[in-house]
1. When you check residue 79 against the structure, is it in contact (Cβ under 8 Å) with a residue 12 or more places away in the chain, more than 15 Å from residue 189 (Cβ to Cβ) and of a type in the set (Gly, Ala, Ser), yes or no?
2. What pairs come up if the first residue lies in segment 167-192 and is at pLDDT 65 or above, the second is assigned to a loop (DSSP other than H, G, I, E, B), and their beta carbons are under 7 Å apart, counting only those six or more places apart or on different chains?
3. So residue 362 fits all but one of (1) in contact with a Phe, Trp or Tyr (Cβ under 9 Å, 6 or more places away or on another chain); (2) surrounded by 15 or more Cβ atoms within 10 Å (Cβ to Cβ); (3) assigned to a helix (DSSP H, G or I); what number is the exception?
4. Go over the candidates 418, 407, 377, 433 one by one and state the one that is outside the structural domain of residue 484 (by TED's automatic domain parsing), part of a helix (DSSP H, G or I) and among the hydroxyl-bearing types (Ser, Thr, Tyr).
5. From the list 455, 510, 459, pick out the single residue that is in contact with a Gly (Cβ under 6 Å, 6 or more places away or on another chain), in the same structural domain as residue 433 (by TED's automatic domain parsing) and either in a helix (DSSP H, G or I) or of a type in the set (Phe, Trp, Tyr) (or both).
6. Looking at 148, 144, 79, 133 in this structure, which one is in a helix (DSSP H, G or I), small (Gly, Ala, Ser) and modelled with pLDDT under 90?
Amino acid sequence: MSTKWIIRHLDSDRALSSTEAPIVLHPIQLFNMNKTPVSVPKKLAKTPKGSKTGLKCSEPQKPVTFEFLPDPGSDDYNSLIKIVLSDETQTVHLIQLLKYLEQNICRLEGEYKSLVLAILSINWLGNGPELISTFQAFVLNLVSAHVSYLRPCVRMLVKRFIPEEVNKDSSVPGPELDTSHIHSLLKSLSAIVPMMIEVLPKVLEDLFPYINKSIRVFDHYTRNLLNISLYLPSLRMGIFELVISNMLKLDVRTPRVDISTAICGPEEEETNSRDEAMFEMDVDTTGEPKNDQQEPSVAEKLAKALPHAGSLDVMMNLCFKYIQNTCFVNGQLDWEVTKKLYRELLWIFDKYVFPTHESCHVQFLLFYICSFKEALSDGFVDYLWKKVTDPTAQCVYRQTAACYIGSFVTRAAFLPLSTARQVMELMLRWVHSYLDQTGDLRINADLEHHGPFYSVCQSAFYIFCFLHNDLMLSKQGLKWGQLLNFQRVITSKLNPLRVCMPIVVKTFASATRMHQLAFCDTIIERNNRCSLPVSSSQFSLEGSKKIHLESYFPFDPYLLPGSSSFVVSLYREFHGSLPDIDTVEDEDEDDFLPEEDEKVHAAVDITMMLGKSPVDLLHYSVSPGFKHA
């Protein structure tokens, strides 16, 4: 095969006659027309003006077509690849080449793979609509003729979802990229190549940004992934699975304590800045701020201090919007679509989120969709309760499910009070049944062997701490509370007050004492005496066992500022308080109740431990979901 290319005019109305010799040009000459004059035959130079049989070098934009390709591996072939990859190559020449290759698409087998890959890497989006349409037609014909090029083509398209990082440390999202032509081409490929459904998810997973990439990269990539699910709905669950699994990697690297510190800052710095601001206000009499720079928003402050949290915030915001736009059509809930999306999210939750230790924010996606209808919330609680009562499940999963139930029921403001009451009854029935089964055994407080029991007790205590005022308001409230029989639970040999978290125990003791449902103070004091360290050679640190449950409440306050608007209106904060010590009546005193001095001392101990007043015991930043030094 010749290494030269034979060309002829496209605008000629007739083919070359037998007496007219074809014009032969070297490939480098063809693409260098826009740079330097090329040497052409004298016959071509003397062509009369207006003739259509010759090619004028002064008009490099005139369309031409190619008759032969250079042999793979030859110098001309390598030169052609270099020219295609060059940024100085004119768009019109790329369009000509693409049209010729499209006409000879069957010849682009494996030996021409390097040329095809070079063409796929060109910047076809930013050089005019003609190149875009020509490139799309070339890719569709290429994949139709050679399925082996499907993965390289898809990979090339998905890479366009990742913007260039000008400043990796910048917290500014940057301008949104126009990827409509990419999605149009992906949609067309999926229509003509069934294998697209299998190839695309693997490519999306391979190219998902690493956790150290900038916020802008995560923003654009996640946005485009969710857009794919709009025209390829069969891939939606796989895309959500990919997005949520990667959000978890960011979530576990940004604890609530770090986010709170990044947003609020140390208390000393806040005090100093507040004092400086007050001083400046006193001195400045112009009425205008001295600093013209705009103070950064909370989201920008978080993104600068914790890039992982900033990326997670952006991705959560996109997922919340997607769920909202999918489930609501013209402001009306599409129940069938919502049920399907809920099942997909629940499956992903069970596979990724539920087994992940100390995830802080990703689980709020399910929290959000459950707010759309009460049936979804009931289904979620039922799913968790089946895990709690499954004797074949691992204890750690049963305990985690109990923590999810307690946190969900207390924090979901959209749940009716009747649901909380039913959950309490369900839990206490199971607890009493558990005590009936272990009543004849000589047992003591043992977290290692009775972990699910203690987790269910703590969740029930936690719900009562949050909602006791509302639960006891009704006429039958007191009778209902007495039927729960808290006194039997706390006085059992398993002694849950010793194992549950101290802050939950103290708050529960105050709430039950207020309603005369149980009296915990004597048991708490006895547990405290039993927990005193003993100096003896027979005890060692290696043989010590954990005696308290971990402080894990999955739906503790949502701290990501950019996406918090989807959660705030659905979230219940703790607005209750411990009984006012000064207003406790002396009438009907009980031996279980401590004296006045003891009550004051207990309240001071709790206040010193948490650094808050007793009113704020379960408020933001001091809920049982936080660890206290």
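1. Against the criterion (in contact (Cβ under 8 Å) with a residue 12 or more places away in the chain, more than 15 Å from residue 189 (Cβ to Cβ) and of a type in the set (Gly, Ala, Ser)), residue 79 qualifies.
2. Taking only residues 6 or more apart or on different chains, the pairs are 177/163; 179/160; 179/161; 181/125; 182/160; 190/232.
3. (3)
4. Numbers: 418 fails: outside the structural domain of residue 484 (by TED's automatic domain parsing); 407 fails: outside the structural domain of residue 484 (by TED's automatic domain parsing); 433 fails: outside the structural domain of residue 484 (by TED's automatic domain parsing).
None of the others qualify; the one that does is 377.
5. On the way: 455 fails: in contact with a Gly (Cβ under 6 Å, 6 or more places away or on another chain); 510 fails: in contact with a Gly (Cβ under 6 Å, 6 or more places away or on another chain).
One residue alone meets the criteria, 459.
6. Just one listed residue meets the conditions, 79.
The values are calculated or read from the model by the stated rules, or taken from the named source; none is laboratory data. Treat the numbers as computed from the prediction; the structure is a model and nothing was measured. All Cβ positions, glycine included, derive from the backbone under ideal geometry; neighbour counts span all protein chains shown.
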